[in-house]
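These notes are about the structure you will find just below.
A short reminder: the numbers here are calculations on the coordinates, not readings from a lab. Not measured: the values here are computed from a predicted model. Counting neighbours? That spans all protein chains shown, and the Cβs are built from the backbone with ideal geometry, glycine included.
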Amino acid sequence: MSVDYRKITLDGLWTNNPALVQLLGLCPLLAVTASVVNALGLGLASTLVLVSSNLTVSAFRKLVPETVRLPIFVMIIASFVTAIELLMQAFTYELYLILGIFIPLIVTNCAIMGRADAFASKNPVRASVLDGLMMGVGFTAVLILLGGMRELLGTGALFSDMHLLFGEAARNWKWLIFEDYPGFLFAILPPGAFVGLGLLIALKNIIDARLEERRKQQTPKTLTGSKRVRVTG
């Protein structure tokens, strides 16, 4: 069976984006996206789990009994989440404390379990790794966009506290957009996350509708009508 790598890439980044289309993993997405650094930290952790779990599930897909596949998938995902949790405690402890329970809750992220069951368990390793990577990148992109939108509207700045993820060298990465900005508290509160995600979903739907309209305009119209039939006798 041939694998369409282009379709896998487009599905993860746009067509079947886990956050904007499948609407999976919304609990951590809405909870931690008050800033770019929080969003990026969770996105990278989720992407690593997606790629690692997809690789492992695909590699052992022929050895896993059908009756117990879901518990096995959960154990695989939980193992990688635990490893990433320990790495964050070792190298990005302050960010780990900020993200809190949402790092262990990656185990229950439906996007990760869904890709393991729907794709990795049925496809070869290379395609499964690409699927996990693209789904993770698509999910992370939405996290960063939402986090950037909320941080900018809420504080008037971008990339605050990036040293929590990249070390002391990133302490001066903060980009102050608006001087003497009073702040917009609604943007960084939970209701702001819902409104922001709704705007991103609406924007994607508008873009899809325009692309579909353009595609229809570029498709040549087939001529319909009666066809004269020549009859000889």
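Overview of values
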read-out: The chain: Cα Rg divided by the 2.2 N^0.38 Å rule of thumb; value: 1.28
read-out: Of the DSSP H helices in the chain, those whose Cα atoms cover at least 20 Å axially and whose Kyte score averages 1.6 or more; value: 69-91
read-out: The chain - mean residue ellipticity at 222 nm from DSSP helices (-39,500 (n - 2.57) per run, n ≥ 4, rounded to 500); value: -20000 deg cm²/dmol
read-out: Potential extension, residue 171-residue 217 segment - 0.36 nm per residue separation minus Cα distance; value: 11.6 nm
read-out: Cα-projected label distance for residue 178 with residue 75, points at 7 Å along beta-carbon direction, nm; value: 5.3
read-out: Burial ranking of peptide ranges 43-53, 170-180 (average Cβ count within 10 Å, highest at the top); value: 43-53, 170-180
read-out: Amide H contacts under 5 Å for residue 157, placed H, 5+ residues apart; value: 177
read-out: Over the stretch 52-94 - Rg/Rh using Cα atoms and the Kirkwood inverse-distance radius; value: 1.14
read-out: Sequence-separation-based contact order of the stretch 51-166, relative, with Cα cut under 8 Å and 6+ spacing, percent; value: 39
read-out: The chain, relative contact order in percent, only Cα pairs under 8 angstrom and at least six apart counted; value: 30
read-out: Backbone N under 20 Å from the residue 185 label point (7 Å along Cα→Cβ), restricted to the stretch 145-179; value: 150-157
read-out: Estimated distance in nm for a label pair at residue 87 and residue 125, the labels positioned 7 Å out from Cα along Cα-to-Cβ; value: 1.8
read-out: Within a Gaussian network of the chain (alpha carbon springs, distance under 10 Å), most fluctuating of 150, 215, 69; value: 215
